[in-house]
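Participant: Mind looking over this structure? Questions follow.
The values are calculated or read from the model by the stated rules, or taken from the named source; none is laboratory data. Here the structure is a predicted model, which is why all the values come from computation and not from measurement. In this analysis, Cβ positions are derived from the backbone assuming ideal geometry, glycine residues included, and neighbour counts consider all displayed protein chains.
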Amino acid sequence: MVPFYGQGMNAGFEDCLILDRIFQKYGHSKANLGRVLKEFSRVRCKDGHAISEMAFKHYVELRSDIAGVTFYMRKFVDNMLFRLLPKTWVPEYTMVAFTDMPYSVCLKETERQSRIITSTLIFCGIAFFGILVALFFKFWVWP
């Protein structure tokens, strides 16, 4: 995991919590250690991959996108939706850092929200272009 999301220690604490729950389920005996570790690997694997993927995407975003106009447009739409719909729309970092939502669920939700933001920006861009064309024809072509 790259260190660009600041979740290494949180992921470690979450690992401890989940491992403890699995030990409670199977018991704390040495005989059950194999089952406990196998179950832990099964349960935790997709969340480990998810936080690694999100951390790497965040690194790429910090490295390249942060100066772009589309980055700020996406953040504006994301924050606006969060203000309007705080119970249904939560930004990625808020989901990861301030909830107990599993990382794999955060990743799926972030991907869904990204598709919505992309669609919204495309629609707004097309609408804006359409308005410009209509204004052009109204004032310059057909006065």
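Participant: Within the range 127-142, identify whether any single residue is in contact (Cβ under 8 Å) with a residue 40 or more places away in the chain, surrounded by 10 or more Cβ atoms within 10 Å (Cβ to Cβ) and of a type outside the set (Asp, Glu), and answer yes or no.
Facilitator: Looking for residues that are in contact (Cβ under 8 Å) with a residue 40 or more places away in the chain, surrounded by 10 or more Cβ atoms within 10 Å (Cβ to Cβ) and of a type outside the set (Asp, Glu), one finds none in the range 127-142, hence no.
Participant: Check 44, 35, 83 and return the single one that is modelled with pLDDT of 90 or more and surrounded by 15 or more Cβ atoms within 10 Å (Cβ to Cβ).
Facilitator: Sole residue among the options that is modelled with pLDDT of 90 or more and surrounded by 15 or more Cβ atoms within 10 Å (Cβ to Cβ): 44.
Participant: Could you pull out the residue among 6, 34, 27 that is more than 20 Å from the chain's Cα centre (by Cα) and on the phi > 0 side of the Ramachandran plot?
Facilitator: 27
Participant: Which residue is farthest from residue 102 (Cα to Cα), if the candidates are limited to the range 47-76 and must be crowded, with 18+ Cβ neighbours inside 10 Å and of a type in the set (A, V, I, L, M, F, W, C)?
Facilitator: Out of the qualifying residues, it is 55.
Each row is one residue, and each column tells you yes or no for (1) modelled with pLDDT of 95 or more; (2) more than 30 Å from residue 125 (Cα to Cα); (3) small (Gly, Ala, Ser).
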position: 4; (1), (2), (3): no, yes, no
position: 28; (1), (2), (3): no, yes, no
position: 39; (1), (2), (3): yes, yes, no
position: 50; (1), (2), (3): yes, yes, yes
position: 60; (1), (2), (3): no, no, no
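Participant: Given the conditions (1) surrounded by 10 or more Cβ atoms within 10 Å (Cβ to Cβ); (2) charged (D, E, K, R); (3) closer than 17 Å to residue 5 by Cα, report the number of the one that residue 100 does not fulfil.
Facilitator: Looking at each condition in turn, residue 100 falls short on (1).
Participant: Select from the range 68-103 the residues that are closer than 21 Å to residue 55 by Cβ and of a type in the set (S, T, N, Q) and write down the one among them that is nearest to the chain's Cα centre (by Cα).
Facilitator: Within the range 68-103, the match that is nearest to the chain's Cα centre (by Cα) is 94.
Participant: Out of (1) out of contact with any helix residue (DSSP H, G or I) (no Cβ under 6 Å at 6 or more places or on another chain); (2) modelled with pLDDT of 95 or more, what's the single condition that is false for residue 89?
Facilitator: (1)
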